[in-house]
2 protein chains.
Amino acid sequence: MGRRIINGVSITPLKEIPTNGGVVLHMLRADSPVFLSFGEIYFSEVKLGIIKGWKRHFEMSQNFAVPRGLIKFVLYDDRTDSPTCGLVQECILGRPDSYCLLSMPPLIWYSFACISKEEGLISNLASRMHCQVKSEQRALECPEIPYSWGEDNGI
Amino acid sequence: MGRRIINGVSITPLKEIPTNGGVVLHMLRADSPVFLSFGEIYFSEVKLGIIKGWKRHFEMSQNFAVPRGLIKFVLYDDRTDSPTCGLVQECILGRPDSYCLLSMPPLIWYSFACISKEEGLISNLASRMHCQVKSEQRALECPEIPYSWGEDNGI
């Protein structure tokens, strides 16, 4: 799996605080260096074997955490003015090994899939409220994005 | 279960949007009438049989949603200037029957328990960042709060 990180993307380890009745899982605080603004928070359930994407947002930044299950994200940078233009980045989020916040600026193409038996749950805190016309989608197998989701990708 | 609602508390049904790969679950948008400010978002896992509380925050408002499992919340109002002072309020949050946002002002005592076999997951969006000294706790069985968690309460 590639280790290079797309310009503007960050992966921040998050605190998991054990308590008697279950763990407390941090996600984002207003004083975090990656927090920009609050637009919306929502969740996506993802079943094993389902791949979602490709999608990108024109204006919204996104912050993803995975409190249940394991999700593999693949990101692609085709911003011509980016020092990492052309880079594909893979990362897996989930507990207990990778409970992290994936923060992503606008214009990054992304796709994701659940790679755990248990359904994955993605929490997405976006810097703006969702607006369908301010995003676009591409087919999973498209010539413009040099990545193929296949059996060798853990799905 | 009591139907009266404590002054300042609200329960708002949330959208569940089915998609091919799993459901999308709304929680809170910046233009919601119950949104005050963004302080922090975190999750609490709660195992069956565990009861947490009582606790209250002096300054922070909280917004709870339960994307996994079923959680029973009990709230108690002892604010002497409140028209519902003395009221105990119970509510159950979870899917598919009660995927709602429970919004609660400061100074309300609250406790909660998981009532599903599956671990419950509470998402809490607070209007301020968490500060231990700006909250207080009481024992579950305390003389000041007229509520007893017992076997007849679904636990």
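The values are calculated or read from the model by the stated rules, or taken from the named source; none is laboratory data. Nothing here was measured: the structure is a model prediction, and the numbers come from that model. Quick reminder, even Gly has a Cβ in these numbers, built from the backbone with ideal geometry, and neighbours come from all protein chains shown. Ligands, DNA and RNA are stripped out before the accessible areas are found, and what is left, the full protein with its side chains, is counted by its heavy atoms. Shrake-Rupley method; radii C 1.70, N 1.55, O 1.52, S 1.80 Å.
What to note about this one:
- Qualifying residue in the range A:30-37 (condition: of a type in the set (D, E, K, R) and closer than 15 Å to A:SER103 by Cβ): yes
- Looking only at the range A:29-44, and only at residues there that are at the interface with chain B (Cβ under 7 Å from one of its Cβ atoms) and among the aliphatic types (A, V, I, L, M), the one that is nearest to B:ARG68 (Cα to Cα): A:ILE41
- Restricting the range A:13-28 to residues that are surrounded by 17 or more Cβ atoms within 10 Å (Cβ to Cβ) and either modelled with pLDDT of 95 or more or under 20 Å from B:SER127 (Cβ atoms) (or both), the residue that is farthest from the other protein chains (Cβ to nearest Cβ): A:LEU14
- Taken together, the residues in the range B:9-33 that are touching a residue at least 12 places away in the same chain (Cβ under 8 Å) and assigned to a strand (DSSP E or B) amount to 9.
- Check on B:GLY2, at pLDDT below 95, open to solvent by less than 60 Å² (accessible area, probe 1.4 Å), within 14 Å of another protein chain (Cβ to nearest Cβ) and not in a strand (DSSP E or B): no
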